[in-house]
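Working notes, structure below.
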Amino acid sequence: MSRIAIFGAGYVGLVTGACFADLGHEVVVRDIVPEKIDALRAGHVPIHEPGLEELLERNAERISFELDVQEALRDAEFAFVAVGTPPTYSGDADLSAVWTVVDELPSLDHPITLVMKSTVPVGTAEKVRANLDVRGLSGVAYVSNPEFLAEGSAVRDFLHPDRVVVGAFAAEEAARVAALYDGVETTVVTTDVASAEMIKLASNAFLSTRISFINEIANVCELVGADVMDVARGVGLDHRLGSHFLRAGVGWGGSCFGKDVSALKQLAGNSGYHFQLLSAVIEVNELQKRRVVSKLEKHLGKLRDRTVAVLGLAFKPGTDDLRDAPSLVLASRLLAEGADVRAWDPVADAGHLLHGVTFCDSYNEAVQGADAAVIVTEWPELVGLLSADVRDTMRNPLIVDGRNLLDPDAAREAGFAYEGIGRPSPSPDTVPGQSVRLP
Ligand SMILES: NC(=O)c1ccc[n+]([C@@H]2O[C@H](COP(=O)([O-])OP(=O)(O)OC[C@H]3O[C@@H](n4cnc5c(N)ncnc54)[C@H](O)[C@@H]3O)[C@@H](O)[C@H]2O)c1
C-alpha cells in the first residue's frame, strides 16, 4: 500500500484516485477549484462517469480531497500530475497547469516520485527533470505514466487496461510506479521517458486516423452504392486490422483526440518534420462534422426557418464532456444557415456554449414539429425514435443518423426518410411516402 497525491480532480485525476484507492492505496486528490473540493468532500461527483460515484463511496475511507498543496503532499510517496493540457492557439499543448504543479512542488523531508499522467509533448520529462535538478530537487524521481482510459468507460479501462506504460530515467523508479498497479492484470510496458510520451501521442493519433479513414471510405461508399457498415465489418474481421475504431460517423471529438493529434503534428513540425498524414486526418474530421448539413439540404432544400432537432451533444455516449464535440460545430453551422435548432442530451449541458439553441428535456420534446432529427451522439435510448408517436409529431419525418445507430430498413418501414453515413440512400424524389421537399 502506498500514499499517493493526485493533482487534478478532473476525468483522469478522479478516476485514477478512485481506482488506486480501490487497489488499497491511500489517496489525496488535490484541485485548485474550491467548489470542486467542497462538492467532493460532500460526496458529490462533479462529472458524469459510470461507476465512479460508487467507487468513491466504497473507498471513502482511503480517499480525501484537498486544496492545499502541502497538505496533499504530507507523507505522499507519489505525486501524480493529472491536470489539463489543452491546445494553445498554435496547436501545441498548453503545459502551464503542468508547470504550476512542478513549480509548486516543495522541498520535502521524504522521498517522492513525480508521475506524469497528463498527456504531454515528447521532451517534457527531460525539461521537468532539468528544472527539478536546478532547484536542488534531485531526490525527486520522475516517471512518465500516460493514461489511456476513455470517458464513458474510464473506471473499467483503468482497472482492466490493455497495458500500463511506464517511462523512467532509472529502472527502480519505473518498478516503483509499476508496483502501484499490483492487482491489475495487464502488460506493463517499461521504457524510457521519451518513448512513453510518444506511445500516448501515437496511440491517439492512430485511433483518430482510423476514424478519419473509415469516414473517407464511408463518403466514397455513398457515391458508389456500398454500405460502410458491411465494409467495416468485412475489413475489421481481418486479424491484421481489427474491428475497433472503424465506425463511420460525423467525426471524432472529445478533449483528447483533437488536441493530441494537433500536438503531435506541431511537435513533429517543431522538430523539423512535416507530418502530412495528420494534417489530412484533422481536415477530414473537420469536413465530416459539416456533411450533415448537405444531407439535410438534400431533403429540405435551404435550411432557413427549418426546425432541426440535434439529438445528443456530448462527444460520445456515457459522458457529459462537450470538449470538441461535433455537436457544437454542427449546431453552429445549422444556426448560421438560419435553422431553428432544438437540442437534447441526457447529461451534457451546453447552455453556456450554444447561444440561440432551444434545449429540451427529452428527445420527444426536441423532435416535436421538427423538419429533421439528427443523431449526433449515439445514446442508446435514441433507438426509441422509430415510433409512430415520434413520426407523427414531426413536421417532416426525416432522420439523419450521424452515428449509424438505427437500422435503415426499420426506419424506412416506420415511415421515416433516413440518411445514415456511408449507407445507400434513395433519392428523396424517388421514394414514395418518404421525405418531402417542404415549400
Ligand atoms: N479525459 C480523458 O479521457 C483523458 C484520457 C487520457 C489522458 N487524458 C489526459 O489527462 C490530462 C487531464 O485530463 P482531464 O480530462 O482529466 O482534464 P480535466 O480538465 O477534466 O481536469 C483537470 C483538472 O485539473 C485541475 N487543475 C488545474 N491546475 C491544477 C493544479 N495546479 N493543481 C491541481 N489541480 C489543478 C483543474 O481544476 C481540473 O479539475 C490531460 O493531459 C489529458 O490529455 C485525458
Over all alpha-carbon pairs in the range 24-181, figure out the percentage whose distance exceeds 30 Å. 15 percent
For the range 161-177, what does the Karplus curve 6.51 cos²θ - 1.76 cosθ + 1.60, with θ = phi - 60°, yield as ³J(HN,Hα) per residue in whole Hz, taken in order and with x for Gly and Pro? x, 5, 6, 10, 9, 10, x, 9, 7, 9, 4, 6, 6, 4, 4, 4, 6
Over the Cα atoms of the range 193-325, what is the Rg over Rh ratio if Rh follows Kirkwood? 1.01
Taking just the alpha-carbon atoms of the range 1-99, what radius of gyration and Dmax come out, in angstrom? 13.5, 44
Could you give each residue of the range 113-125 its phi-based ³J(HN,Hα) in whole Hz, using Karplus coefficients 6.51, -1.76, 1.60 with θ = phi - 60°, and x for Gly or Pro? 10, 8, 10, 8, 9, 4, 7, 10, x, 4, x, 5, 4
Add -39500 (n - 2.57) for each DSSP H run of 4 or more in the chain, then divide by its residues: what number comes out at 222 nm, to the nearest 500 deg cm²/dmol? -12000 deg cm²/dmol
Label points 7 Å out from Cα along the Cβ direction at H239 and R395: separation in nm? 5.6 nm
Which values of log₁₀ I(q)/I(0), to two decimal places, follow from the Debye formula for the range 282-439 at q = 0.08, 0.14 Å⁻¹ with a uniform point scatterer at every Cα? -0.19, -0.61
With only alpha-carbon pairs counted, each pair once and no self-pairs, how large is the Kirkwood hydrodynamic radius of the range 299-349 in angstroms? 11.4 Å
Degrees, to the nearest 10: 276-300 long Cα axis against longest axis of the chain: 30 degrees
For the range 51-67, in residue order, the Karplus 3J(HN,Hα) values (coefficients 6.51, -1.76, 1.60; θ = phi - 60°; whole Hz; Gly and Pro = x) are x, 5, 4, 4, 5, 5, 4, 5, 10, 3, 6, 10, 9, 9, 10, 9, 9
Using only C-alpha positions, report the orientation-averaged shadow area of the convex hull of the range 157-233, nm², one decimal. 6.5 nm²
In terms of modelled amide H atoms, which long-range or inter-chain residues lie less than 5 Å from the amide H of V165? V189
Could you tell me which chymotrypsin sites (Phe, Trp or Tyr not before Pro) in the range 29-98 are loop residues by DSSP with no more than 11 other beta carbons within 10 angstrom of their beta carbon? Y89
Looking at the chain only, what percent of DSSP beta bridges run antiparallel? Nearest 5 please. 5 percent
Taking a temperature of 10 °C and a viscosity of 1.306 mPa s, what whole-number D in µm²/s does Stokes-Einstein yield for the range 63-115 with Rh from Kirkwood over alpha carbon pairs? 127 µm²/s
Roll a 1.4 Å probe over the protein heavy atoms and report the accessible area of H274 in Å², nearest 10. 120 Å²
Separation of alpha-carbon centers, the range 8-79 and the range 233-303, rounded to whole Å: 34 Å
Within the accessible area of the chain, what % is carbon and sulfur when the probe is 1.4 Å and the other protein chains stay in place? 53 percent
Rounded to the nearest 0.05, what FRET efficiency do H274 and R3 have when you use their Cβ-Cβ distance and R0 = 41 Å? 0.35
Just round it to a whole percent: the fraction of Cα-Cα distances in the chain exceeding 41 Å. 24 percent
Taking the Cα atoms of the range 253-374, report the difference between the largest and smallest coordinate on each principal axis, in whole Å and largest first. 54, 31, 21
Relative to the longest principal Cα axis of the chain, at what angle does helix 257-270 sit, 0 to 90 degrees, rounded to 10? 60 degrees
Any residue on another chain or 5+ positions along whose placed amide H is under 5 Å from the amide H of L114 is listed here as A79, A141, Y142, V143
Rounded to the nearest 20 debye, dipole of the chain from Cβ charges on Lys, Arg, Asp, Glu: 1300 debye
Using 7 Å Cα-to-Cβ label points, what is the F206/E54 separation (nm, one decimal)? 3.2 nm
Taking a probe of 1.4 angstrom, what is the accessible area of S64 in Å², to the nearest 10? 50 Å²
I'd like the trypsin sites (Lys or Arg not before Pro) in the range 8-98 restricted to DSSP loop residues with at most 16 other Cβ atoms within 10 Å, sorted by number. R74
Percent antiparallel among DSSP beta bridges confined to the range 78-216, rounded to 5, stands at 20 percent
When all alpha-carbon pairs of the range 111-260 are counted, what percent fall beyond 22 Å? 52 percent
What is the set of long-range amide H partners of F359 at a cut-off below 5 Å, with H atoms built 1.01 Å from backbone N? A343
Rounded to the nearest whole Å², what accessible area per residue is found for the range 321-428 with the 1.4 Å probe? 37 Å²
How high is the relative contact order of the range 368-412, in percent, counting Cα pairs under 8 Å that sit 6 or more residues apart? 54 percent
In what sequence, highest mean first, do 176-187, 410-421 appear when ranked by Cβ atoms within 10 angstrom? 410-421, 176-187
What length, rounded to one decimal in nm, is gained on full extension from T358 through to E283, with 0.36 nm per residue of separation minus their alpha-carbon distance? 24.0 nm
So for the range 26-154: antiparallel DSSP bridges make up what percent, rounded to the nearest 5? 10 percent
Taking a straight Cα-to-Cα line shorter than 22 Å from K259, and setting aside same-chain lysines fewer than 8 residues away, one finds K117, K127, K200, K289, K316
Tilt, helix 193-224 to longest principal axis of the chain (alpha-carbon atoms), in degrees rounded to tens, equals 10 degrees
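The values are calculated or read from the model by the stated rules, or taken from the named source; none is laboratory data. Every value quoted in this text rests on a predicted model; they were computed, and no experiment measured them. We place every Cβ from the backbone using ideal geometry, glycine too, and count neighbours over all the protein chains shown. Note: accessible area is taken over every heavy atom of the protein model, side chains too, but ligands, DNA and RNA are not part of it. Shrake-Rupley method; radii C 1.70, N 1.55, O 1.52, S 1.80 Å.
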